[in-house]
There are 2 protein chains.
Amino acid sequence: MAQLLRVQNFNVSSDGYGAGEGQTLERPFGHADPEAMFAWAGATASWPRRTDPGGSRGLDDYLTRDHGRNIGAEIMGRNKFGPQRGPWRDHEWRGWWGDEPPFHTPVFVLTHHPRPSFALGGTTFHFLDADPATALAAAREAADGKDVRLGGGAATIRAFLDAGLVDTLHVAVSPVVLGGGSRLWESSDELLDRYHRDVVPSPGGTVTHHLFWRK
Amino acid sequence: MAQLLRVQNFNVSSDGYGAGEGQTLERPFGHADPEAMFAWAGATASWPRRTDPGGSRGLDDYLTRDHGRNIGAEIMGRNKFGPQRGPWRDHEWRGWWGDEPPFHTPVFVLTHHPRPSFALGGTTFHFLDADPATALAAAREAADGKDVRLGGGAATIRAFLDAGLVDTLHVAVSPVVLGGGSRLWESSDELLDRYHRDVVPSPGGTVTHHLFWRK
């Protein structure tokens with residue numbers, strides 16, 4: 001079985017933004033309200049940060065729990081790791097993900113400012129200054145035969161799409177309008193020259209799931 | 001995490017039959033045409049009997065590949081193992097599933113006529129004369145912490161539903177009308193007193209997926 005590069009559970013607004021403008025330490029999604037975009041996943045039984053035993057087990061749960069299935073590594077852009085720009089001023093701060101990051105695999109953070117790797121609660125963060133194909137080769141090697149997840153943000157996904165490297169994408173489109181920020185697409189129709197697409201409204205939430213795989 | 005009892009990828013006709021009348025060695029589904037009922041799954045990349053590298057990776061593939069996720073044992077009725085009725089006349093014939101059955105776990109076959117267990121290509125078949133609760137206890141023990149799949153047929157699923165033991169069900173309803181055979185329900189509405197339900201038309205096929213989880 002080939003090692004796929006998969007985008008899983010990436011959330012965008014109805015106008016195609018994965019995050020709003022003005023990302024800060026306190027607001028990882030800038031002016032976007034993450035609750036409005038992620039509520040569909042937070043309502044499911046498989047949501048990793050769930051603290052009570054409930055949650056739905058219908059369609060949205062299939063999508064939520066697929067996030068980690070057969071994933072051996074993740075690639076993310078620097079802005080998914082933290083809000084710092086330019087040279088690192090603070091190596092002590094170790095990302096937005098707390099002491100138990102939800103990845104539990106090697107994670108490759110793309111940045112023009114590499115820094116030493118470190119391990120945190122079963123996740124190892126590596127920092128790479130590399131083009132998409134080189135980064136993917138490193139992640140595949142680390143994934144030990146499993147698939148690689150492309151975690152975002154939008155600019156990172158665009159770069160890998162433009163390089164023709166993405167095998168499957170799941171994008172949840174929420175009805176909120178952001179008007180600005182980090183944009184994945186103007187319309188998901190842009191991918192139809194290269195991908196098949198299923199469009200599936202969430203029965204329990206307000207989002208519409210867009211599922212793509214290569215033609 | 002609790003060990004769930006899950007029905008996965010069970011196929012019924014629009015009038016609720018999981019198999020037609022007149023099951024024989026040559027026609028495991030009796031007068032029903034299995035191709036018409038299972039084509040949605042056969043078109044996906046994860047279909048286990050796929051012989052070419054293609055196949056869809058949209059919604060139907062999520063459902064197909066969930067069949068084995070975190071499953072540690074299966075329970076099935078005798079008619080899913082083979083067409084014999086009454087005392088076993090032939091221990092040499094080892095089920096419909098060939099030399100490499102697709103289960104790869106312990107499988108508990110419910111029958112009033114127990115016979116010795118045997119292993120075949122990573123699957124071990126056990127034969128139990130037991131009520132649903134007792135069979136489920138045995139399967140949970142064998143599943144080593146993982147979930148148990150309830151494989152069908154319709155009468156077996158009904159017995160476990162009536163005993164209140166089923167946690168989740170995925171049933172794919174196809175547009176064919178059978179008019180007779182082994183019936184799961186007259187309408188899936190019958191379960192709504194005890195279960196939540198998502199109804200999701202397959203974007204790529206002709207079936208409608210019904211996903212249930214306990215209230």
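Where the second residue is assigned to a loop (DSSP other than H, G, I, E, B) and open to solvent by less than 40 Å² (accessible area, probe 1.4 Å) and the first is among the charged types (D, E, K, R) and lies in region B:141-168, which pairs have Cβ atoms under 8 Å and are six or more apart or on separate chains?
Taking only residues 6 or more apart or on different chains, the pairs are B:147/B:4; B:158/B:184; B:167/B:4.
Name the residues in region A:6-60 that are more than 30 Å from residue B:169 (Cβ to Cβ), of a type in the set (D, E, K, R), open to solvent by 60 Å² or more (accessible area, probe 1.4 Å) and assigned to a loop (DSSP other than H, G, I, E, B), would you?
Across region A:6-60, the qualifying residues are A:21, A:26, A:27, A:33.
Exactly one condition in (1) away from chain B (no Cβ under 14 Å); (2) open to solvent by less than 10 Å² (accessible area, probe 1.4 Å); (3) not aliphatic (A, V, I, L, M) is false for residue A:162; which is it?
Of everything listed in (1) away from chain B (no Cβ under 14 Å); (2) open to solvent by less than 10 Å² (accessible area, probe 1.4 Å); (3) not aliphatic (A, V, I, L, M), residue A:162 misses just condition (2).
Could you run through region A:70-80 and say how many residues are of a type in the set (A, V, I, L, M, F, W, C) and more than 11 Å from the chain's Cα centre (by Cα)?
Qualifying residue count, region A:70-80: 2.
Give me the residue from region B:204-215 that is over 21 Å from residue B:177 (Cα atoms) and in contact (Cβ under 8 Å) with a residue 24 or more places away in the chain and, out of that set, nearest to the chain's Cα centre (by Cα).
Ranking the candidates gives B:212 first.
If you go through region A:187-202, how many residues are within 14 Å of chain B (Cβ to nearest Cβ) and over 22 Å from residue A:74 (Cβ atoms)?
Total meeting the criteria: 10.
Is it the case that region B:75-94 has a residue that's among the polar types (S, T, N, Q) and away from chain A (no Cβ under 14 Å)?
The initial filter retains those residues of region B:75-94 that are among the polar types (S, T, N, Q), namely B:79, B:84.
Those still in the list that are away from chain A (no Cβ under 14 Å) too: B:79, B:84.
Within region B:75-94, one or more residues are among the polar types (S, T, N, Q) and away from chain A (no Cβ under 14 Å).
Checking residue B:184 against (1) away from chain A (no Cβ under 14 Å); (2) out of contact with any Lys or Arg (no Cβ under 8 Å at 6 or more places or on another chain), which single condition isn't satisfied?
(2)
Does residue A:54 meet the test of being touching a strand residue (DSSP E or B) at 6+ places or on another chain (Cβ under 7 Å), within 14 Å of another protein chain (Cβ to nearest Cβ) and under 26 Å from residue B:59 (Cβ atoms)?
Answer is no for this residue.
Filter region B:203-215 down to the residues that are open to solvent by 10 Å² or more (accessible area, probe 1.4 Å), within 13 Å of chain A (Cβ to nearest Cβ) and closer than 13 Å to residue B:40 by Cα and list them by number.
We begin by selecting, within region B:203-215, every residue open to solvent by 10 Å² or more (accessible area, probe 1.4 Å); these are B:203-206, B:208, B:210, B:213-215.
If we keep only those that are within 13 Å of chain A (Cβ to nearest Cβ) as well, we get B:203-205, B:208, B:210, B:213-215.
Result: B:203, B:204, B:205, B:208.
Looking at the structure I just gave you, is residue B:145 of a type in the set (Gly, Ala, Ser), open to solvent by 30 Å² or more (accessible area, probe 1.4 Å), closer than 30 Å to residue A:43 by Cβ and out of contact with any helix residue (DSSP H, G or I) (no Cβ under 7 Å at 6 or more places or on another chain)?
Yes: the conditions hold for residue B:145.
I'd like the residue in region A:177-198 that is open to solvent by 70 Å² or more (accessible area, probe 1.4 Å) and outside any loop (DSSP other than H, G, I, E, B) and, out of all such residues, is nearest to residue A:11 (Cα to Cα).
A:183
Cβ contacts < 7 Å: first residue in contact (Cβ under 8 Å) with a residue 12 or more places away in the chain, restricted to region B:21-45; second residue open to solvent by 60 Å² or more (accessible area, probe 1.4 Å) and not in a loop (DSSP other than H, G, I, E, B), any location; separation 6+ or different chain. Result?
B:23/B:79
Condition test on residue B:167, is it of a type in the set (Asp, Glu), over 15 Å from residue B:6 (Cβ atoms) and either within 13 Å of another protein chain (Cβ to nearest Cβ) or open to solvent by 80 Å² or more (accessible area, probe 1.4 Å) (or both)?
No, not satisfied.
I'm trying to understand the selection: among the residues of region A:64-73, which are buried (at least 19 other Cβ atoms within 10 Å of the Cβ) and either in a loop (DSSP other than H, G, I, E, B) or more than 14 Å from chain B (Cβ to nearest Cβ) (or both)?
Within region A:64-73, A:66, A:67, A:73 meet the criteria.
From the list B:172, B:139, exactly one residue is in a helix (DSSP H, G or I) and open to solvent by less than 10 Å² (accessible area, probe 1.4 Å). Which is it?
Every option except B:139 fails the conditions.
Filter region B:76-112 for residues that are surrounded by fewer than 15 Cβ atoms within 10 Å (Cβ to Cβ) and touching a Phe, Trp or Tyr at 6+ places or on another chain (Cβ under 8 Å) and give the result.
Hit for region B:76-112 is B:96, nothing else.
So which residues in region A:74-97 are part of a loop (DSSP other than H, G, I, E, B) and in contact (Cβ under 8 Å) with a residue 12 or more places away in the chain?
A:82, A:83, A:86, A:87, A:88, A:91, A:94, A:95, A:96, A:97 - these are the residues of region A:74-97 that are part of a loop (DSSP other than H, G, I, E, B) and in contact (Cβ under 8 Å) with a residue 12 or more places away in the chain.
The values are calculated or read from the model by the stated rules, or taken from the named source; none is laboratory data. Remember, predicted model here, so these are calculated numbers, not experimental data. Quick reminder, even Gly has a Cβ in these numbers, built from the backbone with ideal geometry, and neighbours come from all protein chains shown. The accessibility values were calculated without ligands, DNA or RNA, using every heavy atom of the protein model including side chains. Shrake-Rupley method; radii C 1.70, N 1.55, O 1.52, S 1.80 Å.
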